Amino acid sequence: MKLSKLTTSIIGSTLLLGASLPLSAASVGEIAKSCDECHGKNGVTKDEVVPTIAGASAAYLKDTMEAFKSGKRKGEEYKHDGKTSDMNKVAKKLSDAEIEAIAEYYAKKPYVAFNNHTDPKLVKKGKKIWKRKCKKCHGDNGMDPEDDAGIPGGQPLKYLLNSMEHFANKTRPMPKKMRKKFKKLKEKDRIAVAHFFAAQK
């Protein structure tokens, strides 16, 4: 049987794109089980140093995992059930298709705020700073899931404070527009902003 040029072209294209076809739900579920070991069931953390990943935008999650995979962002060592790992090691094992699929998976999960204990005075001060410096990218008190800048609102306070320190020490990358505003914040301002975000429900 002689194939037309169009048919041959379609078959060839399908074979080339085969590696990019969506992963099965079972495959994504297996990867998610591994993520849940540290980030909590359905990506909702129970650990004060680990962020919740459920509900964040797929674009943010994808960018974050790609930054870990490339080494642009340094992952902290985390010990769970006697095993030590970090996000650099985890992300390097994932293909581009797996990263995209797992980002979509967690973006569809409901976000649940961590039960933090915050200082009301610092929360009030932090809100004023957020309005001036952070509101444009971290809308709805940092709780807007559509923001491709992540969801800082309702994250564990300790995680937020650690993140502030990494930003200040330049051990965690920041977008250019964030760097300009962040460098003007004093340590006490950063702590106040962390308390403000941590207080969100």
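Working from label points 7 Å from Cα in the Cα-to-Cβ sense, the N169 to K121 distance is 2.8 nm.
Largest mean-square fluctuation among L61, L94, L160, in a Gaussian network model of the chain whose springs join Cα atoms under 10 Å apart, belongs to L94. Based on C-alpha pairs under 8 angstrom that are at least 6 apart in sequence, the chain has a relative contact order of 24 percent.
Once you order the gyration tensor axes a ≥ b ≥ c over the Cα atoms, which shape class does region 25-107 get: rounded for a/c under 1.5, otherwise prolate or oblate by comparing a/b with b/c? Verdict is rounded for region 25-107.
The three principal axes of the C-alpha atoms in the chain carry coordinate ranges of 79, 39, 29 Å, sorted with the longest axis first. Result for the chain in a Gaussian network model with C-alpha springs under 10 Å: among I99, I31, I191, the largest mean-square fluctuation is at I31. In the chain, helical runs assigned H by DSSP with n ≥ 4 each contribute -39500 (n - 2.57); averaged across all residues and rounded to the nearest 500, the mean residue ellipticity at 222 nm is -15500 deg cm²/dmol. Among K33, K131, K183, which one shows the highest mean-square fluctuation when the chain is modelled as a Gaussian network with alpha-carbon springs under 10 Å? Of K33, K131, K183, the most mobile in the Gaussian network model is K183. Length, then width, then depth: along the principal axes, the Cα atoms of region 120-198 run 28, 28, 22 Å.
Pairs exceeding 32 Å between alpha-carbon atoms, taken from K41/K93; K69/K128; K33/K186: K69/K128; K33/K186. Among the GluC sites (Glu not before Pro) found in region 32-81, those both in a DSSP coil and sparsely packed, with 11 or fewer other Cβ atoms within 10 Å of their Cβ, are E77.
Every number here is computed from the coordinates shown, using simple stated rules; none is lab data. Small disclaimer: the values here were computed from a predicted structure and weren't measured. Here Cβ is always computed from backbone atoms with ideal geometry, including for glycine, and neighbour counts include all displayed protein chains.
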